[in-house]
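Report on the structure given below.
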Amino acid sequence: MYIYSVDDFPACSLLCKLCRDWYDELDNFFYRRLELKATPEDTLAAIAATAGNLSRQHFYVAGPGSWVEHFLALTHEQGIPPDHICTFKLEST
């Protein structure tokens, strides 16, 4: 399992602690925080660098609608099957 996070949570946030616990307990678990300014291209490149063949991966993508849409367009260009991607778009208030 690979988790990539693009956020501005404090380094000692609950998510960070949870991922550290999962890393200690699970085989084949990987967590990486990307810089807040990471683009969908940066994120997909980071995933490809560690997860290998993207068309064999499954994705759960959550974030602002425009960021998620851009990421989806990139995955389509890479030939990733649409049924390998689940999304959640955050609406701004």
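Going through (1) closer than 22 Å to LYS89 by Cβ; (2) open to solvent by 90 Å² or more (accessible area, probe 1.4 Å); (3) modelled with pLDDT under 85; (4) in a helix (DSSP H, G or I) one by one, ASP8 falls short only on (4).
Whenever a residue of region 79-93 is closer than 11 Å to PRO64 by Cβ and at pLDDT below 85, its partners that are in a strand (DSSP E or B) and open to solvent by less than 100 Å² (accessible area, probe 1.4 Å), lying with C-beta atoms within less than 8 angstrom and at least six residues away or across chains, give the pairs LEU90/ALA62; LEU90/GLY63; LEU90/PRO64; SER92/PRO64. When region 49-72 is filtered for residues that are over 16 Å from LEU90 (Cα atoms), in contact (Cβ under 8 Å) with a residue 12 or more places away in the chain and either of a type in the set (Asp, Glu) or in a helix (DSSP H, G or I) (or both), the ones remaining, listed by number, are THR50, ALA51, LEU54, SER55. Which residues, counting only those in region 15-41, are open to solvent by 30 Å² or more (accessible area, probe 1.4 Å), under 20 Å from LEU90 (Cα atoms) and part of a helix (DSSP H, G or I)? The answer is LEU15, GLU41.
The values are calculated or read from the model by the stated rules, or taken from the named source; none is laboratory data. Quick caveat, the model's predicted, so the values are computed rather than measured. Cβ atoms come from the backbone with ideal geometry, glycine included; neighbour counts cover every protein chain shown. Ligands, DNA and RNA are stripped out before the accessible areas are found, and what is left, the full protein with its side chains, is counted by its heavy atoms. Shrake-Rupley method; radii C 1.70, N 1.55, O 1.52, S 1.80 Å.
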